[in-house]
Amino acid sequence: MSHDTFGHLFRVTTWGESHGPAIGCVVDGCPPGLPIGESDLQIWLDRRKPGGNRFVTQRKESDTAQILSGVFEGVTTGTPISILIANEDARSKDYGEIADRFRPGHADYAYFAKYGVRDHRGGGRSSARETAARVAAGGVARLVLGPEIRIRAAVVQIGPHRVSRERWDWDEIERNPFWCPDSTIAGTWEGFLDKTRKSGSSCGAVVEVHAEGVPAGWGAPLYGKLDAELAAALMSINAAKGVEVGAGFAAAELSGEENADEMRMGEHGPEFLSNHAGGILGGVSTGQALIARVAFKPTSSILTPRRTVDITGAEVEVATRGRHDPCVGIRGAPVVEAMTACVLADAFLRHRGQTGGGAFQPGRPGRL
């Protein structure tokens, strides 16, 4: 009942705490015979690991993935894949002053109210450190999906500053420390985050993910909707406070004519003239790109003193020292990609299990 596992056929369990000896995951349900090595996971972990620039936490972790089981002679065996990631640079003494105080906006109080005990060292399980294990699992999921499905995330807003859709360039996210597809706004973010960081405060962000190459037919009505499961997975990420798919909340402002994704028949099947649905209709993929956005709240661990209470009920103030991301959304982009990959790998295996795979298309007999 501790709910550390997600997925149905492709199942992921994460374990470990921010300041324990290690964190990791167990991936169950991966088909046998897939070529895999630790380098296939490390490429994604390197994109998430801390200490890469001045805009993220300066905790130094190599985030080196070690595969302990489920792989033999370079291929998956079909048995559980256990992955370990050592914690190398925890500084638990930084959290001594908050051992009995609840950080406003953090999970401290909620965890204590539920369990009667909490790991104050970095937040324990509530720390974003746990997401490294998710990224490792996402590396396995990408191998299940294959190279035909491409999953990319970008930060599209930091604080009040948004990217320009007209200047969107996927190649640009590799050229700046923000996963930003707009070179112009990246400069604005740099100044804004420097000011935020130096003041001891933090800010929120929005991450957008695109999954291209997903065929039509994945997902299931009514209680296995692909968008519902994607939203649940993205909302499970630390500090996530909102998710929207496709046009999302903006769809409420559209007319029925504007919102309808009209179709015409193309050479390889129906072609959509727009994608307000974000690639999912009725909980089932349409063959268009899956598009979703996640809103991340500001980091709760800040230097500015905030009013709170302690475990005795006394009214106190708390300021959190240590090493923290001034904007968790920046390193959230690889985590959003990983969770999307895990959801899609699970959807693929379930679709194959129920239907044998493939999809029906208008004017074409049988499955493609």
Report summary line: Of the listed residues (Glu61, Glu148, Glu130, Glu73), the one being in contact (Cβ under 8 Å) with a residue 12 or more places away in the chain, over 20 Å from Val328 (Cα atoms) and charged (D, E, K, R) is Glu148
Report task. Please indicate, with yes or no, whether at least one residue in the stretch 232-254 is part of a helix (DSSP H, G or I) and either touching a Phe, Trp or Tyr at 6+ places or on another chain (Cβ under 7 Å) or closer than 22 Å to Glu148 by Cβ (or both). Result -> yes
Report summary line: When the stretch 296-310 is checked residue by residue, the ones that are surrounded by fewer than 16 Cβ atoms within 10 Å (Cβ to Cβ) and either in contact with a helix residue (DSSP H, G or I) (Cβ under 7 Å, 6 or more places away or on another chain) or of a type in the set (Ser, Thr, Tyr) (or both) are Thr304
Report summary line: Counting only residues in the stretch 320-362 that are more than 21 Å from the chain's Cα centre (by Cα) and polar (S, T, N, Q), the one least open to solvent (accessible area, probe 1.4 Å) is identified as Thr320
**Report entry** Pairs where the first residue, in the stretch 343-365, is more than 20 Å from Val135 (Cβ to Cβ) and the second is at pLDDT below 90 and open to solvent by less than 40 Å² (accessible area, probe 1.4 Å), C-beta under 7 Å, 6+ apart
**Finding:** His351/Gly357; Gln361/Gly269
Query raised in the report: Scanning the stretch 2-53 for residues that are part of a helix (DSSP H, G or I) and out of contact with any strand residue (DSSP E or B) (no Cβ under 7 Å at 6 or more places or on another chain), which turns out surrounded by the fewest Cβ atoms within 10 Å (Cβ to Cβ)?
Result: Ser39
Query raised in the report: Just wondering, is there one or more residues in the stretch 159-181 that are open to solvent by less than 20 Å² (accessible area, probe 1.4 Å), of a type outside the set (S, T, N, Q) and assigned to a helix (DSSP H, G or I)?
Result: yes
Query raised in the report: Do we have any residue at all in the stretch 67-79 that's at pLDDT 95 or above, open to solvent by 50 Å² or more (accessible area, probe 1.4 Å) and assigned to a helix (DSSP H, G or I)?
Result: no
Requested in this report: Pick out the one residue from Pro362, Pro326 that is closer than 30 Å to Glu208 by Cβ and in contact with a Pro (Cβ under 9 Å, 6 or more places away or on another chain).
Outcome: Pro326
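A quick yes/no check of all residues on (1) in contact with an Asp or Glu (Cβ under 6 Å, 6 or more places away or on another chain); (2) open to solvent by 50 Å² or more (accessible area, probe 1.4 Å):
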{"site": "Ala220", "(1), (2)": "no, no"}
{"site": "Ala228", "(1), (2)": "no, yes"}
{"site": "Val245", "(1), (2)": "yes, no"}
{"site": "Gly256", "(1), (2)": "no, yes"}
{"site": "Gly266", "(1), (2)": "no, no"}
{"site": "Glu271", "(1), (2)": "no, yes"}
{"site": "Ala292", "(1), (2)": "no, no"}
Query - Conditions (1) within 21 Å of Val335 (Cβ to Cβ); (2) in contact with a Lys or Arg (Cβ under 9 Å, 6 or more places away or on another chain): number failed by His120 - result: (1)
Requested in this report: Go over the candidates Gly200, Gly217 one by one and state the one that is among the small types (Gly, Ala, Ser), at pLDDT 95 or above and either part of a loop (DSSP other than H, G, I, E, B) or at positive phi (or both).
Outcome: Gly217
Requested in this report: Tell me, yes or no, whether the stretch 160-181 has at least one residue that is free of Cβ contacts under 8 Å to residues at least 60 places away in the same chain and under 30 Å from Asp108 (Cβ atoms).
Outcome: yes
**Report entry** Which listed residue, of Ala154, Ala186, Ala141, is in contact with a Pro (Cβ under 6 Å, 6 or more places away or on another chain) and either open to solvent by less than 20 Å² (accessible area, probe 1.4 Å) or in contact (Cβ under 8 Å) with a residue 24 or more places away in the chain (or both)
**Finding:** Ala154
Query raised in the report: When the residues of the stretch 106-119 are filtered to those that are of a type outside the set (Val, Ile, Thr), more than 24 Å from the chain's Cα centre (by Cα) and not in a helix (DSSP H, G or I), which remaining residue is nearest to Lys297 (Cα to Cα)?
Result: Arg118
Requested in this report: Kindly indicate the residue of the stretch 123-133 that is assigned to a helix (DSSP H, G or I) and open to solvent by less than 20 Å² (accessible area, probe 1.4 Å) and also modelled with the lowest pLDDT among those meeting that condition.
Outcome: Gly124
Report summary line: When restricted to Ser82, Ser62, the only residue surrounded by 14 or more Cβ atoms within 10 Å (Cβ to Cβ), polar (S, T, N, Q) and part of a strand (DSSP E or B) is Ser82
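The values are calculated or read from the model by the stated rules, or taken from the named source; none is laboratory data. These numbers were taken from a predicted model, which means no experiment stands behind them. All Cβ positions, glycine included, derive from the backbone under ideal geometry; neighbour counts span all protein chains shown. We work out accessible area using only protein heavy atoms, side chains counted, and drop any ligands, DNA or RNA first. Shrake-Rupley method; radii C 1.70, N 1.55, O 1.52, S 1.80 Å.
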